[in-house]
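Since the structure comes first, as structure tokens, the remarks are kept for the end.
The values are calculated or read from the model by the stated rules, or taken from the named source; none is laboratory data. Source: prediction; values computed, not measured. FYI the Cβ positions are ideal-geometry reconstructions off the backbone, even for glycines, and counts take in every protein chain you see. When the accessible area is computed, the model is the full protein with side chains, heavy atoms only, and any ligands, DNA or RNA have been set aside. Shrake-Rupley method; radii C 1.70, N 1.55, O 1.52, S 1.80 Å.
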Amino acid sequence: MKKPNDILDQTSLSELMPGFDTNAEWLKLHQQLHPTKQTHWWQKAAAVAAIVVATGGGAWWLQHEIMNGPQLAIAPTTQHNWVRDVAPEIPTATTTTETPRDRIEVLKTASAPTTRHTANDGKHDLPGQMKREGEFVCNSTPCPIEICITQNLQCPNQDPAAIKSCSVVDPDQARQLKIGVPSRTVRNCRMSVSEISIERIATGEMIVLNEQTRPATAQELFNCITSDTDCSLMAGMFTTDCDKKKKPGNLRIQKDAGSLILE
Amino acid sequence: MIFRFSGKDDEATLMKQCQQNNATAQEKLYKLYAEDMMILCLRYVVNEEDAKEVLMDGFCNFFRNIDSFAWRGEGSVKAWLKKIVVNQCLMFLRKKNHLVLVGDTMVFDDRMADADILSGLTAKEIMKALHSLPDVWRTVINLYVFEEMQHKEIAALLGITENTSKSHLHRARIQLKKQLLPII
């Protein structure tokens, strides 16, 4: 006859407690073992102040642009015009709230726009929706990291455009990740993520995700960053540590209870 | 930073990496033992939510005190973890005043203890039988039957006399026998 100890040793927990979710319990424990840094009230206040300044600056810029529209329209460069047409808020945000290390740039634009539209002419739906959207990301690795997200945007009657948004996150710091185009498809336009690069700044080593990469594609990582649900995926592997010593290590992106962590 | 693991992680390597606060190693170790430890918790703590809380606290203590762990061969990690989780269960029961241990000097016949009435039952039946016992008796029978402790050790752990420990075990067995008669 089997001893009670042996019986329980050979039993699966699911038989006794079907509702036990090992992964969920691990995530709770992980949170306790590696708590993300709390944001202080003054940090929140500073963030609110930055938003107010950015919004005010943006409004001022828009007003200024509209008033000076005709003058700008007669001195176009193709890229400049496209930026104005499709993403008027981008330069505003870049010049008002971001540190020089963060940037959003248009890599590929419509070939020959013939007319210039102001932001509020109603012919394009994009400008009003083309606001930056970002998740807070905490860098739990020991080195500063730059994350660049390249998105493709295809709008009716426009050539496709690629927009690259980069953010630098220092170790043990939480920062809002710059995302050039909102995660959902903007009205009448299709958006896809073509590439995400994660660079260890000290060594220049870079993990580049695209549509084919494994263990994760750029789109999968982007979904993990922007979705509301928890997720965890391996982005790739760095072969050297911050001090350029050979020390292979995986980079994992983990979203747990709303916190996005780079480990 | 997370280190890459090969498929052949041994406990010693995992423990070394856990001692470096490596989250992946911790996750691996947790997933290796969480189910066994949860079954252990359920033996002591009837309420499932309470048992999950105890498990969490147990693993927290395990990882926070991992530096004091000395490797003593395969199986030593599980043994150490088990000890921590059992202590966590006892602490929980004490905190909730479920473990009010009073002197009990009932005369017992040790021969009655020879027949291990829990043998031959299914896991579910064992759990059901254990959960039917008062906390104190359940704790003693757990320590004696499952943790294979001697009454002397149980007495020291619970702060009771050896005779009280024996008496609790005896009473637990009588109740289980009554209850399980239709099954065994």
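Contact list please: Cβ distance under 6 Å, first residue in segment B:108-125 and within 14 Å of chain A (Cβ to nearest Cβ), second residue at pLDDT 50 or above and surrounded by fewer than 16 Cβ atoms within 10 Å (Cβ to Cβ), pairs at least six apart or on different chains. As it stands, the answer is B:Ile117/B:Lys177; B:Ser119/A:Met1; B:Ser119/A:Lys3; B:Gly120/A:Met1, since those pairs meet every condition given. Among the residues of segment B:51-83, just one is under 18 Å from B:Glu147 (Cα atoms), open to solvent by 60 Å² or more (accessible area, probe 1.4 Å) and either more than 14 Å from chain A (Cβ to nearest Cβ) or in contact with a Ser or Thr (Cβ under 8 Å, 6 or more places away or on another chain) (or both), namely B:Lys83. Residues that are under 24 Å from the mean Cα position of the chain (by Cα), open to solvent by less than 60 Å² (accessible area, probe 1.4 Å) and free of Cβ contacts under 8 Å to residues at least 40 places away in the same chain within segment B:15-38 comprise B:Ala25, B:Gln26, B:Glu27, B:Tyr30, B:Ala34, B:Met38, listed in sequence order. Taken together, A:Pro171, A:Pro248, A:Pro215, A:Pro156 contain a single residue that is loosely packed, with under 15 Cβ neighbours inside 10 Å and touching a Leu at 6+ places or on another chain (Cβ under 9 Å), which is A:Pro215. For segment A:1-18, taking the residues that are at pLDDT 90 or above and surrounded by fewer than 13 Cβ atoms within 10 Å (Cβ to Cβ), the one that is farthest from the other protein chains (Cβ to nearest Cβ) is identified as A:Pro18.
When the strands (runs of 3 or more DSSP E) confined to segment A:148-261 are screened for residues that are at pLDDT 80 or above and on the phi < 0 side of the Ramachandran plot, those reaching at least 1 such residues are found at A:161-169, A:190-200, A:205-209, A:231-240, A:246-256.
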